[in-house]
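These notes concern the structure reproduced below.
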Amino acid sequence: MADGGELEGAFGEDAADPETEAAAIEANSAAVGIAMDAAGGHAKARADASVVLLRAQTRLVDLQVKHFDEERRLAIEAAKIKRVMDWLKLAGLAAVAVVLSGAAIGLALVFWSASHDHSLVLESFSVPPDIAEHQLDGEELAALVADRLADIDEHSQSFRASATYQTDWGHEIHIELPATGVSLGELDRVLRERLGHQTRIGGVLYHDSGALRLSVRTGGGGAQEVEGDDEHIDALATKAAEAIFEKTQPYAYSKYLEFAGRMDEAMTVARKLADAGPPSESAWAWAQISNLLSARDLPGAYQAGMRSVAIDPNLALGWLNAANPLFLMGHDQAAVDLLARSVDVARNGGGGLSPIGLHTAIDGSAAGLMVLRADYLPAADIYRTMTTQLYAYSSETDSRSTNEAAALVAAHDVSGSRRLSVMSDARTITLLYYSDAYVAVEYQRAVEMEDWPAAIAAAQLQLDALAKAPEGPELTRYARERFALPNEAYALARAGRLGEALAISNTLAEDCYLCLRTKGRIAALAGNWPEVDRAFGSAVRQNPELPFADLDWGRALLTRGDLVGAIRHFSTAARLAPHFADPLEYWGDVLAAQGRPSDAIAKYAAAAPFAPAWGALHLAWGEALSKAGQADLARKQFALAGRLDLTAANRAKLAQDSAAAARPL
């Protein structure tokens with residue numbers, strides 16, 4: 001047992017660490033092996049040695065496992081530390097990359113901003129010492145001129161986008177102070193000067209023979225000089241600003257002069273630009289000439305507009321300005337064709353229109369086209385939702401609500417139109433240069449209600465306003481002869497004053513759509529059927545895609561008793577204007593007169609969505625339903641008609657029809 005104890009003690013728990021203990025176990029295991037060999041046949045000694053050896057081997061395995069586990073743990077910890085270090089390294093690299101990228105992007109933005117700078121920069125002016133000491137120095141004079149430039153810019157709005165100007169400074173005006181050393185601001189200034197498209201203005205104020213002269217250089221070759229005195233330096237600054245504007249942005253300067261009422265000067269600038277300006281400005285110049293001529297020479301305005309689009313067919317403003325004088329001359333079909341082209345061009349980019357120009361050319365012109373094609377309710381919706389306009393016609397209202405009201409009356413909704421604030425007819429007839437359209441809501445309402453004395457009075461108010469020639473003799477002549485007089489003549493004829501109406505009708509132009517329609521309507525009231533056919537036939541030939549002459553012609557034939565002829569013209573009008581309620585309603589009247597109430601009901605139902613507030617339509621619908629034996633539906637239509645606008649004659653008829661429908665069968 002003593003030998004066994006010694007062997008066991010050799011593998012005790014006193015080793016310093018697992019690695020040392022493992023080495024000792026390996027050494028002693030070898031010794032145990034030698035001892036077993038020496039024991040030879042001594043069975044008990046060999047058994048004890050075997051037990052000791054097994055325990056030693058087990059202990060060795062445990063220590064090795066513990067060692068390997070420790071190594072694994074340390075390796076994992078090292079891997080974690082390495083991963084953290086790698087992440088920190090990546091984060092550092094990323095931070096450096098972000099900083100460098102930000103710097104690169106910032107630098108790129110600086111260069112991009114500098115290269116796209118179109119601003120107007122006024123350098124400090126040179127000023128005589130006496131002026132600088134007692135009145136203002138060079139920086140203050142530059143600031144004064146800058147203020148005047150900003151004022152001109154604000155009053156030179158147009159349908160043209162500023163980016164289309166050959167010299168575009170984007171409404172940005174800066175005063176440049178003298179440099180005080182190297183800085184980021186100075187670097188930015190140098191970059192903008194070298195890489196950008198700045199318009200730089202400098203100037204010298206000096207005494208000359210008792211007067212003050214201000215010479216400004218605009219970088220366009222040569223200086224502009226203006227003269228004044230030291231008591232009116234503000235006026236001198238205004239002259240200088242105007243000279244700068246004319247030199248750098250002649251088109252915008254022409255608009256400024258136009259809005260200032262200096263029409264002849266505006267025309268001079270526009271013609272100079274058209275004749276001597278670069279090709280990129282020529283089309284715009286002719287569009288402006290067309291606009292300016294619309295107050296004094298309507299045929300010339302049309303020709304100038306066509307010259308504009310001949311140079312640039314993608315200029316929506318050119319098409320619009322060519323169309324407007326045609327409307328005022330009564331050439332409705334030709335005007336519609338050009339206006340439609342303007343809308344198409346605007347919808348496909350606009351050819352350089354500003355946002356308000358696009359808004360007007362697309363929304364405003366599209367609404368005008370709808371009215372001319374008898375699609376009234378969508379037009380009224382557009383006018384109601386239009387949010388901006390270039391010209392303010394009146395302090396209390398504007399043309400949008402007036403146009404909306406006119407569209408509603410045309411859709412037979414007089415009450416709806418009365419809920420809107422509109423300009424008087426006498427006011428609208430004095431704004432043709434701005435509106436390019438004849439509008440007379442008060443006259444329309446009177447005609448719709450068949451209040452002929454009121455219609456005559458409304459037309460006379462427009463004639464009285466025109467007698468003062470508010471916009472010049474040319475525009476006054478066309479407005480009088482091609483709008484106000486035809487309206488008065490028709491009202492006179494309907495009021496029974498046929499002789500006066502015929503006297504006016506005989507003077508009306510033969511190339512004016514409203515004039516020819518008025519001739520035909522008055523001839524029908526006079527029973528002159530050859531003249532009816534001649535006048536309406538001429539109106540249709542000149543304006544083949546417009547529905548109104550066919551509608552008038554059909555109504556005349558209906559009163560004559562030519563029901564087949566009436567249907568032919570009503571069907572043509574309905575084909576030309578699919579959303580026009582009137583030809584469908586009158587077509588229904590013909591069918592009812594032919595004893596076909598069911599067919600008439602179908603036409604009335606088709607017309608109703610396009611004029612839901614038309615009292616006469618619902619009255620006729622109720623009568624057809626009553627004749628078709630549908631008494632309950634008839635009473636509903638009569639009740640609806642009673643809540644809508646009706647003429648005095650129709651209201652009396654409604655009372656009779658309602659009483660008849662209420663009687664038991």
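The values are calculated or read from the model by the stated rules, or taken from the named source; none is laboratory data. Please read all numbers here as calculations on a predicted model, not as lab measurements. Note that each Cβ is placed from the backbone with ideal geometry, even for glycine, and that neighbours are counted across all protein chains shown. All accessible areas refer to the heavy atoms of the entire protein, side chains included, with ligands and DNA or RNA removed. Shrake-Rupley method; radii C 1.70, N 1.55, O 1.52, S 1.80 Å.
Report those helices (runs of 4 or more DSSP H) wholly inside region 370-472 carrying at least 1 residues which are under 22 Å from the mean Cα position of the chain (by Cα) and at pLDDT 95 or above.
Output list reads 376-385, 399-410.
Can you go through SER101, SER50, SER119, SER113 and tell me which one is at pLDDT below 70, of a type in the set (Ser, Thr, Tyr), surrounded by 10 or more Cβ atoms within 10 Å (Cβ to Cβ) and in contact with a strand residue (DSSP E or B) (Cβ under 6 Å, 6 or more places away or on another chain)? Steps first, answer last, please.
Details: SER101 fails: in contact with a strand residue (DSSP E or B) (Cβ under 6 Å, 6 or more places away or on another chain); SER50 fails: in contact with a strand residue (DSSP E or B) (Cβ under 6 Å, 6 or more places away or on another chain); SER113 fails: in contact with a strand residue (DSSP E or B) (Cβ under 6 Å, 6 or more places away or on another chain).
Exactly one of SER101, SER50, SER119, SER113 is at pLDDT below 70, of a type in the set (Ser, Thr, Tyr), surrounded by 10 or more Cβ atoms within 10 Å (Cβ to Cβ) and in contact with a strand residue (DSSP E or B) (Cβ under 6 Å, 6 or more places away or on another chain), namely SER119.
Which is assigned to a loop (DSSP other than H, G, I, E, B), β-branched (Val, Ile, Thr) and at pLDDT 95 or above, of THR518, THR507?
THR507
Restrict the check to region 254-265 and report whether at least one residue is out of contact with any Phe, Trp or Tyr (no Cβ under 6 Å at 6 or more places or on another chain), of a type in the set (Phe, Trp, Tyr) and modelled with pLDDT under 85.
no
Suppose the filter is in contact with a Gly (Cβ under 9 Å, 6 or more places away or on another chain) and of a type in the set (Val, Ile, Thr); does VAL540 pass it?
Numbers: in contact with a Gly (Cβ under 9 Å, 6 or more places away or on another chain): no; of a type in the set (Val, Ile, Thr): yes.
No: the conditions fail for VAL540.
Tell me the helices (runs of 4 or more DSSP H) entirely within region 304-366 that contain at least 2 residues that are buried (at least 24 other Cβ atoms within 10 Å of the Cβ) and at negative phi.
In region 304-366, 316-329, 332-347 are the helices (runs of 4 or more DSSP H) which contain 2 or more residues that are buried (at least 24 other Cβ atoms within 10 Å of the Cβ) and at negative phi.
Restricting to region 120-164, name every residue that is over 41 Å from the mean Cα position of the chain (by Cα) and β-branched (Val, Ile, Thr).
VAL127, ILE131
State which residue is farthest from ALA223 (Cα to Cα) when the search covers only region 243-270 and only residues that are open to solvent by 30 Å² or more (accessible area, probe 1.4 Å) and in contact with a strand residue (DSSP E or B) (Cβ under 9 Å, 6 or more places away or on another chain).
Only one residue fits best here, namely GLU246.
Checking the structure you have, find out if any residue of region 654-664 is within 22 Å of LEU377 (Cα to Cα) and either open to solvent by less than 60 Å² (accessible area, probe 1.4 Å) or more than 41 Å from the chain's Cα centre (by Cα) (or both).
no
Quick check on region 413-443: of everything there that is of a type in the set (Phe, Trp, Tyr) and more than 14 Å from ALA459 (Cα to Cα), which residue is most open to solvent (accessible area, probe 1.4 Å)? Steps first, answer last, please.
Start the filter on region 413-443 by keeping residues that are of a type in the set (Phe, Trp, Tyr), which leaves 433-434, 438, 443.
With the extra rule that they be more than 14 Å from ALA459 (Cα to Cα), the set shrinks to 433-434.
Working: TYR433: 20, TYR434: 90 Å².
Per the criteria, the residue is TYR434.
Filter region 539-585 for residues that are more than 36 Å from the chain's Cα centre (by Cα) and among the hydrophobic types (A, V, I, L, M, F, W, C) and give the result.
Once the filter is applied, which keeps residues that are more than 36 Å from the chain's Cα centre (by Cα) and among the hydrophobic types (A, V, I, L, M, F, W, C), region 539-585 yields TRP553, ALA556, LEU557, LEU558, LEU563, VAL564, ALA566, ILE567, PHE570.
Any idea how many residues of region 215-242 are open to solvent by 20 Å² or more (accessible area, probe 1.4 Å) and part of a helix (DSSP H, G or I)?
Summing the residues that are open to solvent by 20 Å² or more (accessible area, probe 1.4 Å) and part of a helix (DSSP H, G or I) in region 215-242 gives 5.
Give me the pairs, please: first residue somewhere in region 275-303 and more than 15 Å from PRO313 (Cα to Cα) and among the acidic types (Asp, Glu), second residue anywhere and in a helix (DSSP H, G or I) and open to solvent by less than 60 Å² (accessible area, probe 1.4 Å), beta-carbon distance under 7 Å, and either six or more positions apart or on two chains.
ASP297/GLU474
Determine the pairs where a residue that is within 16 Å of GLN157 (Cβ to Cβ), located within region 376-396, has a partner that is surrounded by 15 or more Cβ atoms within 10 Å (Cβ to Cβ) and at pLDDT 90 or above with Cβ atoms under 7 Å apart, the partner being 6 or more residues away or on another chain.
Within 7 Å, the pairs are TYR393/MET423; TYR393/LEU431.
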